[in-house]
Amino acid sequence: MQVVGPIFEIGTLRQKLSGTVGFVPTMGYLHEGHLALVKQARTDNSNVIVSIYVNPTQFGPREDFGSYPRELNRDLELLREEGVDIVFVPSDDEMYPPEFSSWVDAGKVTERLEGASRPGHFRGVATVVAKLFNIVQPSRAYFGQKDAQQVVVIKRMVADLNMGIDIAVVPTVRESDGLAMSSRNIYLSPGERQAATILFKALTLARQLSQGGEKDAGKIRPQMTALIQKEPLAQIDYVSIADAETLEELSSIDGPALASLAVRIGKTRLIDNMLLE
């Protein structure tokens, strides 16, 4: 496994690779959710490249960029065990030099849900992913369903800009009690960790109601909200039932829908989602 930082070095290595290249962009502090992406990329492709980069432009001024967990040596050992070929670890100076001034805006799908709560977040996400795609030139790129809106944004960008990259979506990896794996789970105290299961419980309720024949989204959202409010440590940011592709809020579930939510448990903001088939 080769670990490289300078952009020109990964360009040189990329030119030497034959066959397909699967790419997994990450912000590090890897968990089983990330490794599921890596395993799928390893299964599907001749070569696997993983990036580790905590992208400053997708964090708001009062968010956790400075405290976001970082443990590079641990991450590299995990990736070595998975048979990754190249790990790209760029610096801020390389990714955003002083003269940097170009940004990617994926339009309306970035304005809802996370975009409404975190202005500018998806401009940073789309821009850094576009840069990484241009640098790595992958055949396929792998993202987790846990970040459902990010998947929608990246697919929109790839289609609109004719990037010619297949976007593979891997199911959310969960703890035994349903909590979606996230690097931010480390922030939770034991009591908060137990309280955090309320996100999965609310999403499961939405799926049960939908599968039971309830198609009125206006009746499902309040029941999800009421369940979450029973947890004293939980503060709701949003509860959504939206079209799975446009992310527009639904009044009636007549096709693929996405139940999603953002909830603060103590000081930690967690997101999760579940497709309503």
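The values are calculated or read from the model by the stated rules, or taken from the named source; none is laboratory data. None of these values were measured; they are calculated from a predicted model. Here Cβ is always computed from backbone atoms with ideal geometry, including for glycine, and neighbour counts include all displayed protein chains. Protein only, heavy atoms only, side chains kept; ligands, DNA and RNA dropped before computing areas. Shrake-Rupley method; radii C 1.70, N 1.55, O 1.52, S 1.80 Å.
Residue count for the stretch 168-178 under the criterion of being open to solvent by less than 30 Å² (accessible area, probe 1.4 Å) and either polar (S, T, N, Q) or out of contact with any strand residue (DSSP E or B) (no Cβ under 8 Å at 6 or more places or on another chain) (or both): the result is 1.
When you look at Gln235, is it over 27 Å from Val169 (Cβ atoms), in contact with a strand residue (DSSP E or B) (Cβ under 7 Å, 6 or more places away or on another chain) and not in a loop (DSSP other than H, G, I, E, B), yes or no? So Gln235 fits the description; yes. Return a yes/no flag: does the stretch 155-167 have any residue that is in a helix (DSSP H, G or I), within 26 Å of His31 (Cβ to Cβ) and either of a type outside the set (A, V, I, L, M, F, W, C) or open to solvent by 10 Å² or more (accessible area, probe 1.4 Å) (or both). For the stretch 155-167, residues in a helix (DSSP H, G or I), within 26 Å of His31 (Cβ to Cβ) and either of a type outside the set (A, V, I, L, M, F, W, C) or open to solvent by 10 Å² or more (accessible area, probe 1.4 Å) (or both): present. Applying the criterion of at least 3 residues that are under 21 Å from Ala262 (Cα atoms), of a type in the set (A, V, I, L, M, F, W, C) and open to solvent by less than 60 Å² (accessible area, probe 1.4 Å) to the helices (runs of 4 or more DSSP H) found wholly in the stretch 52-151 leaves 121-136. Annotation: of all residues in the stretch 30-46 being outside any helix (DSSP H, G or I) and in contact with a helix residue (DSSP H, G or I) (Cβ under 9 Å, 6 or more places away or on another chain), the one that is least open to solvent (accessible area, probe 1.4 Å) is Leu30. Being touching a strand residue (DSSP E or B) at 6+ places or on another chain (Cβ under 8 Å), closer than 18 Å to Gln150 by Cβ and part of a loop (DSSP other than H, G, I, E, B) is the filter here; which residues of the stretch 3-29 pass it? Residues satisfying the conditions are Met27, Gly28.
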